[in-house]
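Here's the structure we're looking at; comments come further down.
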Amino acid sequence: MKIKRGLPKKIKCEVCDDDRSGLLEHHHVVPRAEGGDDNYWNVAVVCSSCHSRHHHRHGSLKIIGIYPSTEPVMGRTVIYEEDGVNAFGITEPYYTPQPKSVKYGGSKGTEQKD
């Protein structure tokens with residue numbers, strides 16, 4: 001996966017602040033399959049433990065979005081819910097991708113959507 005320039009080169013998980021630098025992963029808030037891309041507001045840098053908790057452990061961690069903040073190094077904060085508790089009071093992602101265009105073509109009776 002190619003991550004665009006500007007994505008933080010974090011040495012700590014943006015959720016738990018653990019500095020497992022060898023085990024950091026990229027998490028897409030809006031999955032690429034749903035139109036999300038590799039931009040700064042859609043990719044969180046998380047440790048493998050938090051990433052696993054988000055995807056596999058019965059949803060004990062839900063990463064909601066990445067928001068601008070006054071955090072001195074990154075200028076952003078990852079908003080999440082843990083065990084159903086949202087301490088941030090934010091429920092929607094800051095970044096929402098535009099739908100990708102779908103093209104149909106080639107034969108009679110097909111259409112093109114943009």
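The values are calculated or read from the model by the stated rules, or taken from the named source; none is laboratory data. Remember, predicted model here, so these are calculated numbers, not experimental data. Here the Cβ is made from the backbone with ideal geometry for all residues, glycine too, and neighbour counts use every protein chain on show.
Table for the structure above
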item: Top-ranked residue of the stretch 26-48 - restricted to ones that are touching a strand residue (DSSP E or B) at 6+ places or on another chain (Cβ under 7 Å) and surrounded by fewer than 16 Cβ atoms within 10 Å (Cβ to Cβ), ranked as farthest from Ile66 (Cα to Cα); result: Ser48
item: Matching strands (runs of 3 or more DSSP E) fully within the stretch 35-114 where at least 1 residues are among the aromatic types (Phe, Trp, Tyr) and modelled with pLDDT of 80 or more; result: 61-68, 76-82
item: The lone exception for Asp19 - which of (1) exposed (fewer than 14 other Cβ atoms within 10 Å of the Cβ); (2) at pLDDT 85 or above; (3) more than 13 Å from the chain's Cα centre (by Cα) it fails; result: (2)
item: Residue match in the stretch 26-34 (condition: part of a helix (DSSP H, G or I), at pLDDT 85 or above, more than 20 Å from Tyr94 (Cα to Cα) and out of contact with any Leu (no Cβ under 7 Å at 6 or more places or on another chain)); result: no
